[in-house]
1. Where does the charge balance sit around Thr364 when Lys and Arg score +1, Asp and Glu -1, over other residues with C-beta under 10 Å from its C-beta?
2. Given Cα pairs under 8 Å that are at least 6 residues apart, what percent is the relative contact order of region 144-285?
3. Between 0 and 90 degrees, rounded to the nearest ten: what's the tilt of helix 237-252 against the longest Cα principal axis of the chain?
4. Choose one of Phe198, Gln149, Tyr435: the residue whose Cα lies farthest towards the positive end of the charge dipole of the chain (beta-carbon charges +1 Lys, Arg; -1 Asp, Glu; about the Cα centre).
5. How much of the accessible area of region 211-279, probe 1.4 Å, is carbon plus sulfur, in whole percent?
6. Which longest run of the chain has no exposed loop site in it, a site being chymotrypsin sites (Phe, Trp or Tyr not before Pro) in a DSSP loop with at most 13 other beta carbons within 10 Å, and the site itself not part of the run?
7. Using the Cα gyration tensor of region 337-431, with a ≥ b ≥ c the square roots of its eigenvalues, what is the shape: rounded (a/c below 1.5), prolate (a/b larger than b/c) or oblate (neither)?
8. Using a ≥ b ≥ c from the Cα gyration tensor of region 290-355 (square roots of the eigenvalues), is it rounded, prolate or oblate, where a/c under 1.5 gives rounded and otherwise the larger of a/b and b/c decides, a/b for prolate?
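The values are calculated or read from the model by the stated rules, or taken from the named source; none is laboratory data. For clarity, every value in this text was computed on a predicted model and none was experimentally measured. Methodologically, a virtual Cβ is constructed for each residue, glycine included, from the backbone with ideal geometry; neighbour enumeration extends over all protein chains shown. Protein only, heavy atoms only, side chains kept; ligands, DNA and RNA dropped before computing areas. Shrake-Rupley method; radii C 1.70, N 1.55, O 1.52, S 1.80 Å.
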Amino acid sequence: MSQPLFRTPKGTHDVLPDDNLYMTYIKKAVRHRARQAGYRRIDPPLFENRAIFDRGIGEHTDIVEKELYLVSSKQQSDEEPAFALRPEFTAGICRSYIENGMQQLPQPVQLYSIGPCFRHDRPQKGRYRQFHQFDFELIGLSDAGLDAQLIQVIDKVFQDLRIKDRLTLQINNIGSGDNRKAFAQALQDHFIGKERHFPDLDRSRLHTNPMRLLDSKEEDTQILLKNAPQLSQFLDDDSRKYHALVLEYLDALGIASTENLSLVRGLDYYNQTVFEYWDASTGAQNAVGGGGHYDGLIELLGGKPTPGMGAACGMERIIWHMKEAGVRAPDKDQVDVFVAQLGPEAKKTCLTLIADLREMGVHTVGALGEASLKSQMRLADKFQSRWTLLLGKMEVKEGTIILRDMAAGKQKQIPFRDTLKTIKKLIGEKNLDTYTLKDQMSE
Ligand code: HAM
């Protein structure tokens, strides 16, 4: 193979047809579970005013500090870019909630989305610069029962995709904004004069975002934290009670969880419940999903104080787990019939035959180039079609067509006029892929 002149940018990839089978299947499961639980679909734009992410996700988070893709147009080239590609859905959906007056709707407003997100991450396995998330948000009401229900919806999706047993649900409560502020201050006070013991990145985090020290991967940091104040000591009574209720409700729903006091999440907007789905065998690396409460976010973005919570999962990571688990997404692209032809008359006849087969719901591919019958048959093999229809000059003259069962390697001649009827019988009426808008549109 010659070297391609262009390749996908680093950290991005084509979602090729085989992986799209998985994507489609995941989307189906998400749509199904979302509808069951009263979530409606929203699609915020791929790029937003960057201040939404700066404010919402937090200026001192990795996502905003290092990973935003800034967007500007040629007209704006001298100015600081005003927009950024969305690194996630939550901030954009909250902006939309405010902008579209959704506080007037019955609360909570439940929304879901599916699509690509962008982060200038260091590319490695399971970590890309363009990746896909599905995302659930529940805005306008706070109740521990809703936390448990949100987690259950995601659990159901994982069950549908048959990867639930490969994941563990890690859960924590990080308290109110005030609790966190007090804890951050206590951490900074505790480490005054000891900053030099921290690895570089964590030393700067101690000043900008001390909470993030808790889920640091650095062994030295974890040792230093052992004797430092603990977040749980700073939680107020309401947070403790809320957390106990969430755990109780999860239990009532039969959802196993692991309490993880180090779990804080990488985005600043969280308070109270936070959770992540980890690979049961490798742990924190490459979480498959995560979420939590963000009761201050809507206000931060200019709305009235409104509670919210949500979660998002990475679809590439899910596909990886499905493949590891040996789950194969159903192949709806299977070719049923390959139509081979020879001669100008046959070609013309085949054009309408192919159209009629397709219209009847048969996945049909035809070789309309000038290739020999032999090479067309090789092509039929490659497409792995179940049957091949062959129309040569002779058959056109006789009003017949050859029907070949590819797996059995047997063929017979049938009257041309019986072609559609015969194929329909072979495939079975209920297996035909007819495209109909089953639901009636209202006037
Ligand atoms: P997040 O933990 O940043 O949360 O991302 C959610 C999931 O997206 C991750 O668990 C992971 O599976 C996937 N993901 C993130 N970055 C990458 C990447 N570079 N490559 C591949 N997959 C990735 C959020 O985005 C929050 N908005 C979740 C949320 C919704 N919280 C409340 N509502």
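1. On the way: positive: Arg358; negative: Asp336, Asp356, Glu359.
Its environment carries a net charge of -2.
2. Details: 173 pairs, mean separation 65.9, N = 142.
46 percent.
3. It is inclined by approximately 30 degrees.
4. Of Phe198, Gln149, Tyr435, it is Tyr435.
5. Values: 1710 of 3550 Å².
Roughly 48 percent of what the probe reaches on region 211-279 is carbon or sulfur.
6. Details: sites that count: Phe6, Tyr435.
For chymotrypsin sites (Phe, Trp or Tyr not before Pro) (loop position, at most 13 other Cβ atoms within 10 Å), the longest site-free span of the chain is 7-434.
7. Working: a/c = 1.41, a/b = 1.19, b/c = 1.18.
Rounded.
8. Numbers: a/c = 7.36, a/b = 2.61, b/c = 2.82.
Cα axes put region 290-355 in the oblate bin.
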